[in-house]
Amino acid sequence: WVVSRTMNKGAQMRAPINQKLIETGERERLKELLRAKLIECGWKDQLKARCKEVIKEKGLEHVTVDDVVAEITPKGRALVPDSVKKELLQRIKTFLAQHASL
């Protein structure tokens with residue numbers, strides 16, 4: 001019950017924040033920043049190479065998009081550099097400080 005309630009409260013808090021991010025255009029700016037940083041650090045190329053490996057291992061005729069996604073998602077998340085995560089978190093914190101009425 002406590003976990004469920006805490007998760008519901010977290011979801012309730014995220015909804016207005018996400019709405020404000022969308023309304024102000026900050027969400028799109030953060031997405032563009034993330035894309036640029038992931039390309040810059042080679043993350044995109046690493047994941048592209050891993051996709052090719054998965055397809056080669058399973059065989060083009062026997063692999064589905066879902067197979068590839070399931071295989072690379074955990075690795076993709078793990079490969080995001082801490083510096084990129086920290087930068088995005090700082091940008092979100094700054095946004096929240098500027099919009100403290102949320």
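Here are some notes:
- The chain, helix-only ellipticity at 222 nm - DSSP H runs n ≥ 4, -39,500 (n - 2.57), divided by all residues, nearest 500: -28500 deg cm²/dmol
- Lys, Arg +1 and Asp, Glu -1 on Cβ, resulting dipole of the range 31-99 about Cα centre, debye, nearest 20: 360 debye
- Note on semi-axes √(5λ) of the Cα gyration tensor in Å: of the candidates (i) 42, 33, 9; (ii) 33, 11, 10; (iii) 33, 19, 12, the value calculated from this structure sits at (iii).
- Counting heavy atoms of the protein chains alone, Val84 has an accessible area of about 10 Å² for a 1.4 Å probe.
- Surface accessible to a 1.4 Å probe, per residue, for the residues of the chain, Å²: 78 Å²
- Simple rule: put +1 on each Lys or Arg Cβ and -1 on each Asp or Glu Cβ in the chain, find the dipole, and look at Val63, Leu30, Gln46; the Cα lying farthest toward the positive end is Leu30.
- Total lysine pairs under 20 Å (Cα atoms) in the chain, excluding pairs fewer than 8 apart on one chain: 29
- Electrostatic bookkeeping for Gly42 treats Lys and Arg as +1 and Asp and Glu as -1; over the other residues with beta carbon under 14 Å from its beta carbon, the sum is +4.
The values are calculated or read from the model by the stated rules, or taken from the named source; none is laboratory data. Everything numeric here is computed off the predicted structure, so don't read it as measured data. Every residue, glycine as well, gets a Cβ built from its backbone with ideal geometry; the counts of neighbours run over all protein chains shown. Just so you know, the surface numbers come from the protein's heavy atoms only, side chains and all, with ligands and any DNA or RNA stripped out. Shrake-Rupley method; radii C 1.70, N 1.55, O 1.52, S 1.80 Å.
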